[in-house]
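Enquirer: After the structure tokens below, expect a handful of questions from me.
What follows is calculated from the coordinates using simple rules that are stated; it is not laboratory data. Keep in mind it's a predicted model, so treat the numbers as computed, not measured. Backbone-built Cβ (ideal geometry, glycine too); neighbour counts: all protein chains shown.
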Amino acid sequence: MLQLSGAGKRFGPRLLFENADWLIIPNEKTALVGANGAGKSTLMKILAGLDTLDYGSIQRMKGMSIGYLPQDGLALSGRTVFDECLSAFDELRAMEREFESLSEKLSVLDPAGPEYAAVADRYSHVEARLRHHDVYALDAQVGAVLTGLGFQKEDWTHGTEEFSGGWQMRIALAKLLLEQPDLLLLDEPTNHLDLETRNWLENYLATWPNGYILISHDRYFLDVTVNKIIEIWNKGLHVYHGNYEKYLTQKAERHAQLESAYRNQRERIEHLEVFINRFRYQATKAKQVQSRIKELEKIERIEIPIEEPVPYFTFPQPPPSGRNVVDVSGLSMQYGEKKVLEDVNFTIDRGDRIALVGVNGAGKSTLIRLLSGQELPTSGMLKLGHNVLAEYFAQDQYKVLDPAVRMLDDIGRTAPKVPEKDLRSLLGCFLFSGDDVFKTLGVLSGGERNRYALARILVSPANFLLLDEPTNHLDLRAKDVLLEAIGKFNGTVIFVSHDRYFIDGLAQKVFEIAKNEDSAYGSTLHVYPGNYEDYLWRKEGGAGHLAAETAAAARAEAKSVTVVLEPDPEEVLPSTQASAPQAPAKRLNPIKLRQMQDRLAQLEAEIPRVEALVAVTEEALGVYVSPDETQRLSAELTFLREQQSVLTAEWEELSMQLDGVVS
């Protein structure tokens, strides 16, 4: 369908790739991956015909159609949302008009005449095309795609120019999906989508009839949408078969093989050089020396490319808060006549990792702002616990930064005890390397300043982090740094994210903000234990009839809160146990299963460490130094024992869950 041969491209003086060969076949589901700046977007533009190669050639199948969605920068105007999407069918509409014209001609032409046969043949061809594309259901197709991408029905009649850049990109994506080109090129399609819309797009692409190539920093999205990976690495294109998870495994194996071959080659080269140097001037060995010199010259040297270092960063732990971090009761919020939240009740305990989910406009950001104290509720009670220090990261966090200050100076003032090399390492993880750290904050783009603001929080965190879309503008490497940093964080976190892998790797609870069907009422809040995978499982009925009964009882007790938990078997009457059907063993996808196994291994290493600290602290308490020191050690011992209890409980729960998993 499309072929690159000996392809090469430069970006200024820098070579992106060379001698690249790539045959793109029909119906291929491919991801294009590589480090930032490797040339992914440039290669995508070349495939789309918007850029050219510096070396080699590109051949396209005659008549093939290509649809391309850039990362951003599209501006639509002049039509309503619905009409803009309907324009994807302009060719079919023209064919429909031709069909009507052909029908009229057939009604007046003489069936025995020579022109009638030609018109009838064209009529049959056009009719078949229209039937194949279901031309009479075009409006329904447009409506289904717009709904899936998050547009309300009342939005359809609004002009495209009324929508922000992110929503305009959604319109452009909808139009491409409706056009169904032979090859679909999507550069970061999930950038402007919420979690629910991403889930819809994943399902839509699962039945996509043609081929597509994706660039994305959403690991879960890649895992479920592609079966082939093309990596731009070491100035070449490298092919891997399978999804992103399999690519990581295959790449590690390939790199290990390369290192082994490199070591073997070095040993052979050294052996040859030793022989040549030893016998170079001995006439009896001249023939053997010449033979080895020729062998040495013929060896094609294996090179191990310099890998991008794996980022690692640790930050100071915050002072512990009280066990109860937040207590919310009867909380409601409205703006004028618009009710956003109504009668919300929940508690947050120290150490909780909570993902806040819900459709756009449900009130996720509103709840985060209320918890941070940025806004006050219309009614109800919101109480922070003892020694709770909250830190709020907003979607537009960059607006509070001083534009005149240099980046390295600003982060250095925030964390004066952190060495400069560690600060530069952290900034590098968030894509600020070299002289970038000396830029003033005012010259950075909005996305760059948001990335910097997130790095700034990590060097001096409070004990209660409220993060609204922290994964926006981050690549896979920066997301991994953030995930690892928060995983080692001793405080409490509540966050909004549209990245499934990030949520599954971090969340221990899910708070769902659900809109009421009656728009006169604000959204309510439902609490689900576990991560996003568990949340979906329970939403789909995986918790069984008994969990539904438990949830119903909870709703009766607290109007807007549905706590969905597995019931304690000891609290269930024997008659109920006998009559209730046994819940089937839970099935987990490989990503979730591996995460649980990794976390179990972490806990099995962490629990002995905490137990050792408890023993050391108890021993220190036995030696009196001063009243202040005794008080400090007592507080530390209390915290360590509570941490030990939490870790042990999590280990027991994970062990039980893994025992019931069907692989």
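Enquirer: Can you list, largest first and rounded to whole Å, the semi-axes you get for the range 73-180 by taking the square root of 5 times each eigenvalue of its Cα gyration tensor?
Expert: 37, 12, 11
Enquirer: Ok, one more. Of the DSSP beta bridges with both residues in the chain, give the percent that are antiparallel, rounding to the nearest 5. Write down the numbers at each step before the final one.
Expert: Details: 39 of 78 bridges.
Within the chain, antiparallel bridges account for around 50 percent of the total.
Enquirer: What relative contact order, as a whole-number percentage, does the range 73-180 give when Cα pairs under 8 Å and 6 or more residues apart are counted?
Expert: 54
Enquirer: Computed on alpha carbon atoms, what radius of gyration and Dmax characterise the chain, expressed in Å?
Expert: 30.7, 116
Enquirer: While we're looking at this one, here's another question. Taking the Cβ of each residue in Met596, Met61 as the centre, tally the other Cβ atoms inside 10 Å and list the residues starting with the fewest.
Expert: Ascending number of Cβ neighbours within 10 Å: Met61, Met596.
Enquirer: Determine the sum of side-chain charges near Val527: Lys and Arg each +1, Asp and Glu each -1, restricted to other residues whose C-beta is under 10 angstrom from that of Val527.
Expert: Working: positive: Lys509; negative: Glu512.
Every neighbour counted, the sum reads 0.
Enquirer: Whole Å is fine, so just give me how far the alpha carbon centre of the range 632-649 lies from that of the range 404-461.
Expert: When both Cα centres are located, 34 Å separates them.
Enquirer: I've got another one for you. With contacts defined as alpha carbon pairs under 8 Å and 6 or more residues apart, what's the relative contact order of the chain in percent?
Expert: This gives 11 percent for the chain.
Enquirer: Can you sort His241, His255 so the residue with the fewest Cβ neighbours within 10 Å comes first?
Expert: Sorted ascending by nearby Cβ count, the order is His241, His255.
Enquirer: If you don't mind, there's one more thing I want to ask. Most exposed first by the Cβ proxy, i.e. fewest other Cβ within 10 Å, how do Ile457, Ile306 rank?
Expert: On the way: Ile457 20, Ile306 7.
So the ranking, lowest neighbour count to highest, is Ile306, Ile457.
Enquirer: Still on this structure: Pairs to check: Lys339/Lys488; Lys45/Lys251; Lys153/Lys539; Lys421/Lys488. Give those whose C-alpha atoms are more than 32 Å from each other in this structure.
Expert: Exceeds cut-off: Lys339/Lys488.
Enquirer: Taking the Cα centre of the range 73-180 as origin, work out the dipole magnitude from +1 charges on Lys and Arg Cβ and -1 charges on Asp and Glu Cβ, in debye rounded to 20.
Expert: Roughly 260 debye for the range 73-180.
Enquirer: Compute the separation of the alpha-carbon centres of the range 122-186 and the range 62-85 and state it in Å as a whole number.
Expert: Cα centroid to Cα centroid, the span is 10 Å.
Enquirer: Here is a further query. Just want to confirm a number: the relative contact order over the range 383-509, from Cα pairs under 8 angstrom separated by 6+ residues, in percent.
Expert: Here the relative contact order equals 32 percent.
Enquirer: Okay, moving on. Separation of the range 465-483 and the range 345-374 by C-alpha centroid, Å?
Expert: Centre-to-centre (Cα) distance: 17 Å.
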